[in-house]
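Okay, structure first, notes after.
What follows draws every value from the coordinates through simple rules; no lab data is involved. Because the structure is a prediction, the values reported are computed rather than measured. All Cβ positions, even for glycine, are placed from backbone atoms using ideal geometry, and neighbour counts span all protein chains on display.
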Amino acid sequence: MSEQKQVYPIPGSEWQSDLYWASVMGVSAETFREKHIPQLREFGLEVMTFGNRTFVRIVDFFAAVEKKNGK
């Protein structure tokens, strides 16, 4: 039996999991954690780990993307 991953935003939450961000970026959750989390921390984002999931605050994520793109 294969494990089916459901990716969805948590209603009313400002935090989203690595599964959500990985789907937004079109990468695996493992790739997101290994390659993108260190970059996000460099931009000063607050990253929270809970169990085996990593969470990033939505507003911080999009602000970092704009900063990286020079907006």
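Please list, in order along segment 40-45, the HN-Hα scalar couplings obtained from phi with the Karplus expression 6.51 cos²θ - 1.76 cosθ + 1.60 (θ = phi - 60°), rounded to whole Hz, x for Gly and Pro.
5, 5, 4, 7, x, 6
Could you work out how far apart the two model spin labels at Glu30 and Phe50 are, taking each label as a point 7 Å from the Cα in the direction of the beta carbon, and quote it in nm?
The answer from the label model is 2.5 nm.
Efficiency by 1/(1 + (r/R0)^6): what FRET value for Lys67 and Glu14, r their Cβ-Cβ distance, R0 = 30 Å, to the nearest 0.05?
0.95
If the viscosity is 1.002 mPa s and the temperature 20 °C, what translational diffusion coefficient in µm²/s does Stokes-Einstein give for segment 15-68 when Rh comes from Kirkwood over Cα pairs?
In µm²/s, the coefficient rounds to 197.
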